[in-house]
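The numbers here are math on the coordinates, done by the rules we state, and not lab data. Computed from a prediction, not measured in an experiment: that's the story for all the values here. Neighbour counts run over all protein chains shown; Cβ positions are idealised from the backbone, glycine included.
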Amino acid sequence: MFPRRTAAAAATTLVAALALTACGGTGSPSGSSTPEGEAGSAGYPIVIEHALGTTTIPEKPERVATVQWANHEVPLALGVVPVGMAAANFGDDDGNGLLPWVEDKLEELGGETPVLFDETDGIDFEAVAGTEPDVILAAYSGLTQEDYDTLSEIAPVVAYPESAWATSWRDVIEFNAMGMGMAEEGEELVSTLEDEIEAAASKHPELAGTSAMFMTHVDPSDLSTVNFYTSHDTRAAFFEDLGLSTPTSVEEASSDSEKFSGSVSSEQVDVFADVDIIVTYGDEELVRTLEGDPLLSQMPAVANGAIVSLDGAGPLGTAANPTPLSISYILDEYLALLAEAAGKSQ
């Protein structure tokens, strides 16, 4: 793997590198795959407007690369193995850079593992360029304008539609599918997942009307602040897909900005009196810490023990942020945990 460079430094070298790689042909590499037939009624060029600019896809992409979190799950769900994608940097249960649902899908498709980009220190632009992609998918990401501009020197880039790290799972599918020339297939995938979610949630009518908040970045040594994901974050938004409701307190705290997280002083914890369930990353020791805190223990959800604690480094905790492949993988287990907490909130 080439050494990582900053976006500014990489931009100059990439132009020259791409001129050389263009001479190397565009044949599909080992491990890549495309579905039979063309993409529905897609006409070219495809023009996609997003938060960082306007992207034109001149012809059907054959080599698809993705950067940052979960974007690779869209092509995989649509039967296409990317030529390169970001390695999983958390939730990886066996250290191979692949989340379990991604590993299962690759096996199902009979595809080899794509080139895995190490994004520990940011996007590895030269590694991305080395995969010679026709399109780069990043509808769910935190790309800066500089990142986007640099990646655009490699291939057309599909960025997030509105805000960094705030793209709904539906829009992740629809925007990335558009970038592949598979808009119709993307719409079908969204519809299939919606039906699956509705069927699973219908088995837990007790969740209807129950309000849930996703508490995050809890520091057991300093509980002076309550941090939570706003309704702009995909984890919190997923609650409503599952039949839960967003507390008014969280809605009001989310209305001031488009940020995906917010904070309230623990001295004002009474504003969360309308929260029935808390979901958070942590273990039973963290739950006991919350229950023993003189302020946070006043929250009804804490007082009732209506807390779902997830291992943030494990697959279930990772999948609480819904993605095209993880939804099916954890849906029943996640709903069962939420239903158990809902029972305690009554």
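Rounded to the nearest Hz, the phi-derived 3J(HN,Hα) couplings of segment 65-70 under the Karplus curve 6.51 cos²θ - 1.76 cosθ + 1.60 (θ = phi - 60°) are 10, 9, 10, 6, 7, 6, where x marks glycine and proline. In sequence order, segment 323-328 has phi-based couplings of 9, x, 9, 6, 4, 5 Hz under the Karplus curve 6.51 cos²θ - 1.76 cosθ + 1.60, θ = phi - 60°, and Gly or Pro positions carry x. Backbone geometry of segment 333-346 corresponds, through the Karplus equation with coefficients 6.51, -1.76 and 1.60 at θ = phi - 60°, to 3J(HN,Hα) couplings of 5, 5, 4, 5, 5, 5, 5, 4, 5, 4, x, 7, 7, 6 Hz, x marking Gly and Pro. Structural descriptor for segment 166-299: relative contact order 26 percent, calculated from alpha carbon pairs under 8 angstrom and at least 6 residues apart.
Remark: PHE228, PHE260 ranked as PHE260, PHE228, counting other beta-carbon atoms within 10 Å and listing the fewest first. Ranked by how many other Cβ atoms sit within 10 Å of their own Cβ, fewest first, the residues GLU132, GLU198 fall in the order GLU198, GLU132.
Note on segment 232-281 and segment 130-162: Cα centroid distance 31 Å, given to the nearest whole angstrom.
Which residues does the label zone of GLU206 cover in segment 269-300, counting backbone N under 19 Å from a point 7 Å along Cα→Cβ? From segment 269-300, the list is 275-280, 300.
Which label marks the calculated value of semi-axes √(5λ) of the Cα gyration tensor in Å, given the options (1) 34, 23, 19; (2) 38, 21, 18; (3) 27, 24, 20? So the structure-derived entry is (2). Counting beta carbons within 10 Å around each of ARG288, ARG170 and listing the fewest first gives the order ARG288, ARG170. Considering only alpha-carbon pairs that sit under 8 angstrom and 6 or more positions apart, the relative contact order computed for the chain is 17 percent. What you get for the chain, charging only the Cβ of Lys and Arg (+1) and of Asp and Glu (-1), is a dipole of about 500 debye around the Cα centre. The H on the amide N of VAL135, modeled in the peptide plane, is under 5 Å from the matching H of ARG63, ALA65, each at least 5 residues off or on a different chain. Remark on ASP311: its backbone amide H falls under 5 Å from those of GLY282, GLY317, a criterion applied only to residues 5 or more positions apart or on other chains, H modelled at 1.01 Å from N. The alpha-carbon positions of segment 92-233 define a convex hull whose volume is 194 Å³ per residue.
Give the aspartates and glutamates whose C-alpha is closer than 17 Å to that of LYS203, dropping any in the same chain fewer than 8 places away, or say none. Counting by Cα, and skipping residues close in sequence, LYS203 has these aspartates and glutamates nearby: GLU194, ASP195, GLU240, ASP241, ASP332, GLU333, GLU340. Over segment 120-217, Cα pairs under 8 Å with separation of 6+ residues give a relative contact order of 21 percent. Give the angle, between 0 and 90 degrees and rounded to the nearest 10, that separates the Cα long axis of helix 169-179 from the longest principal axis of the Cα atoms of the chain. In the chain, helix 169-179 runs at an angle near 10 degrees to the longest axis.
Rounded to the nearest 20 debye, the dipole magnitude of segment 52-106 is 300 debye, with +1 charges on Lys and Arg beta carbons, -1 on Asp and Glu beta carbons, and the Cα centre as origin. Placing +1 on the Cβ of every Lys and Arg and -1 on the Cβ of every Asp and Glu, with no other charges, gives segment 193-346 a dipole of roughly 120 debye about its Cα centre.
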